[in-house]
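Below: one structure, written as structure tokens.
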Amino acid sequence: MSPAHSLDTFILGDRPVKRLGYGAMQLTGPGVFGPPKSKDAALSVLREAVASGVNHIDTSDFYGPHVTNHLIREALSPYPDDLVIVTKIGALRGDDGSWIPSFSPEALTRAVHDNLRHLGLDVLEVVNLRAMFDAHGPAEGSIEAPLSVLAELQQQGLVRHIGLSNVTPAQIEEGRRICKIACVQNHYNLVHRSDDQLIDDLAREGIAYVPFFPLGGFTPLQSSLLSEVARGLGATPMQVALAWLLQRSPNILLIPGTSSVAHLRENLASGELTLPADAITALNGMAHGD
């Protein structure tokens, strides 16, 4: 593991991005549905992130739906030259807030155009295709048909780079036969570590790995061991969890989300935290056997 530092970068597509980015999902209402409690607070978080040096923002039109992209455009457009906005397609939201697979050619094409319009962009830097064979985690199934649609939109110049989300190693291999894959976005954190081997394989190929729920998602990580390590380092448990990810592999790009400026600053400070070997050894023991 290499020392973590907030100035570390990794190539995403063909753009160098800082390894500590920002995920916009939490700027919506409860359950990633509806508008934020305070629009002004949401805009402030986005502006503070960019002012603090973040140049990788993760979003999707199905957050809200359509909420985060409108906020990003209002807060940050005209966008800084170095800002990489990554979005994802492959799902819709039901009126009840449910997550519905949306893989037809027409739906995928419409999703790309919606993201372009709502973000105010002529081309999307990176679009992740989210597999929805199982909303709760990766499940096998061919992604050839939907990915071919996205690859065609790339050929048309609407998308620069393509990534995959919620996928298995077999689906990644299938995807790489169709187009170049810039990144993989899967569930991974200190406890949920079923992608350990995949991360190392992708690192050798120079492909970015972007863990979602890096702090546990809707059920935040809680551990007496994590708290004990954090106390010894004068940090918060969540800062330690993020620092562990940064030190886990150089191809890991973090996109922790928050709706609070104070919490954003706390997350970004984790980039200055270097975990000693004994702390890493102790934390490695937290993994579930999945």
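The values are calculated or read from the model by the stated rules, or taken from the named source; none is laboratory data. Keep in mind the model is a prediction, meaning the values are calculated, not measured. Cβ atoms come from the backbone with ideal geometry, glycine included; neighbour counts cover every protein chain shown. Areas reflect the complete protein model, heavy atoms only, side chains present, ligands, DNA and RNA absent. Shrake-Rupley method; radii C 1.70, N 1.55, O 1.52, S 1.80 Å.
Yes/no matrix, rows are residues, columns are (1) buried (at least 16 other Cβ atoms within 10 Å of the Cβ); (2) in contact with a His (Cβ under 6 Å, 6 or more places away or on another chain); (3) over 24 Å from D14 (Cα atoms):
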site	(1), (2), (3)
I100	no, no, yes
R117	no, no, no
E125	yes, no, no
Q155	no, no, no
S165	yes, no, no
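Residues of segment 175-187 being free of Cβ contacts under 8 Å to residues at least 60 places away in the same chain and either more than 14 Å from A139 (Cα to Cα) or open to solvent by less than 10 Å² (accessible area, probe 1.4 Å) (or both), which ones?
The initial filter retains those residues of segment 175-187 that are free of Cβ contacts under 8 Å to residues at least 60 places away in the same chain, namely 175-181, 184, 186-187.
Hits for segment 175-187 are G175, R176, R177, I178, C179, K180, I181, V184, N186.
When H113 is evaluated against the numbered criteria (1) of a type outside the set (V, I, T); (2) more than 25 Å from D196 (Cα to Cα); (3) touching a residue at least 60 places away in the same chain (Cβ under 8 Å), which criterion, by number, is the only one it fails?
Only one criterion is unmet by H113, namely (3).
List, please: which pairs have Cβ atoms under 6 Å, are six or more places apart or on different chains, and start with a residue in segment 230-247 that is closer than 10 Å to L273 by Cα and end with one that is polar (S, T, N, Q) and not in a loop (DSSP other than H, G, I, E, B)?
What qualifies is Q239/S270; L242/S270; A243/S270.
May I ask you to list the residues in segment 80-99 that are outside any loop (DSSP other than H, G, I, E, B) and either free of Cβ contacts under 8 Å to residues at least 24 places away in the same chain or among the charged types (D, E, K, R) (or both)? First the steps, then the outcome.
If we filter segment 80-99 for residues that are outside any loop (DSSP other than H, G, I, E, B), which is where we start, we get 84-89, 91-93, 99.
Answer for segment 80-99, where residues must be outside any loop (DSSP other than H, G, I, E, B) and either free of Cβ contacts under 8 Å to residues at least 24 places away in the same chain or among the charged types (D, E, K, R) (or both): K88, R93.
When residues of segment 226-275 are filtered for being out of contact with any Ser or Thr (no Cβ under 8 Å at 6 or more places or on another chain), of a type in the set (V, I, T) and over 19 Å from V45 (Cα atoms), how many remain?
Residues that pass the stated criteria total 4.
Answer with yes or no whether A151 is touching a Cys at 6+ places or on another chain (Cβ under 6 Å) and surrounded by fewer than 23 Cβ atoms within 10 Å (Cβ to Cβ).
Numbers: touching a Cys at 6+ places or on another chain (Cβ under 6 Å): yes; surrounded by fewer than 23 Cβ atoms within 10 Å (Cβ to Cβ): yes.
Yes; evaluated as a whole, the condition is true for this residue.
Residues in segment 41-72 that are charged (D, E, K, R) and either on the phi > 0 side of the Ramachandran plot or surrounded by fewer than 17 Cβ atoms within 10 Å (Cβ to Cβ) (or both): how many? Can you show your working first?
Of all residues in segment 41-72, those charged (D, E, K, R) come to 47-48, 58, 61.
Add one more test, that the residue is either on the phi > 0 side of the Ramachandran plot or surrounded by fewer than 17 Cβ atoms within 10 Å (Cβ to Cβ) (or both), and what stays is 47.
Total satisfying the criteria: 1.
Look at segment 188-229 and say how many of its residues are over 11 Å from N251 (Cα atoms), among the aliphatic types (A, V, I, L, M) and open to solvent by 30 Å² or more (accessible area, probe 1.4 Å). Lay out the reasoning, then the answer.
Kept after step one, since they are over 11 Å from N251 (Cα atoms), are these residues of segment 188-229: 188-198, 212-229.
Filter once more, keeping what is among the aliphatic types (A, V, I, L, M): 190-191, 198, 215, 221, 225-226, 229.
From what is left, the residues that are open to solvent by 30 Å² or more (accessible area, probe 1.4 Å) are 225.
The total comes to 1.
Here is a yes/no grid of residues against (1) part of a helix (DSSP H, G or I); (2) touching a strand residue (DSSP E or B) at 6+ places or on another chain (Cβ under 8 Å):
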site: F10; (1), (2): no, yes
site: P16; (1), (2): no, yes
site: A41; (1), (2): yes, no
site: R47; (1), (2): yes, no
site: F62; (1), (2): no, yes
site: R73; (1), (2): yes, no
site: P78; (1), (2): no, no
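Go through H161, H136 for me and flag whichever is open to solvent by 30 Å² or more (accessible area, probe 1.4 Å) and outside any loop (DSSP other than H, G, I, E, B).
Working: H136 fails: outside any loop (DSSP other than H, G, I, E, B).
Of H161, H136, the one residue that is open to solvent by 30 Å² or more (accessible area, probe 1.4 Å) and outside any loop (DSSP other than H, G, I, E, B) is H161.
A quick yes/no check of all residues on (1) under 30 Å from L147 (Cα atoms); (2) in contact with an Asp or Glu (Cβ under 9 Å, 6 or more places away or on another chain); (3) of a type in the set (A, V, I, L, M):
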| position | (1), (2), (3) |
| --- | --- |
| G163 | yes, no, no |
| R177 | yes, yes, no |
| A182 | yes, yes, yes |
| D200 | yes, no, no |
| F212 | yes, yes, no |
| G234 | no, no, no |
| L242 | no, no, yes |
| P250 | yes, yes, no |
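I'm trying to understand the selection: among the residues of segment 128-161, which are at pLDDT 95 or above, more than 21 Å from P78 (Cβ to Cβ) and among the aliphatic types (A, V, I, L, M)?
Just the residues of segment 128-161 that are at pLDDT 95 or above, to begin with: 128-131, 138-161.
Narrowing the set further to residues that are more than 21 Å from P78 (Cβ to Cβ) leaves 128-131, 138-156, 161.
Result: L129, A131, A139, I143, A145, L147, V149, L150, A151, L153.
Answer with yes or no whether P256 is within 26 Å of A49 (Cα to Cα) and either open to solvent by 20 Å² or more (accessible area, probe 1.4 Å) or in contact with an Asp or Glu (Cβ under 7 Å, 6 or more places away or on another chain) (or both). Working first, answer last.
Numbers: within 26 Å of A49 (Cα to Cα): yes; either open to solvent by 20 Å² or more (accessible area, probe 1.4 Å) or in contact with an Asp or Glu (Cβ under 7 Å, 6 or more places away or on another chain) (or both): no.
No, not satisfied.
So, in segment 11-40, of the ones that are open to solvent by less than 40 Å² (accessible area, probe 1.4 Å) and out of contact with any Gly (no Cβ under 9 Å at 6 or more places or on another chain), which residue ends up nearest to T258 (Cα to Cα)? Can you show your working first?
Narrowing segment 11-40 to residues open to solvent by less than 40 Å² (accessible area, probe 1.4 Å): 12-13, 17, 19-24, 27-29, 32, 34, 36.
Now drop any that are not out of contact with any Gly (no Cβ under 9 Å at 6 or more places or on another chain), which leaves 17, 21.
On the way: V17: 20, G21: 11 Å.
Step by step, filter segment 11-40, then rank; the result is G21.
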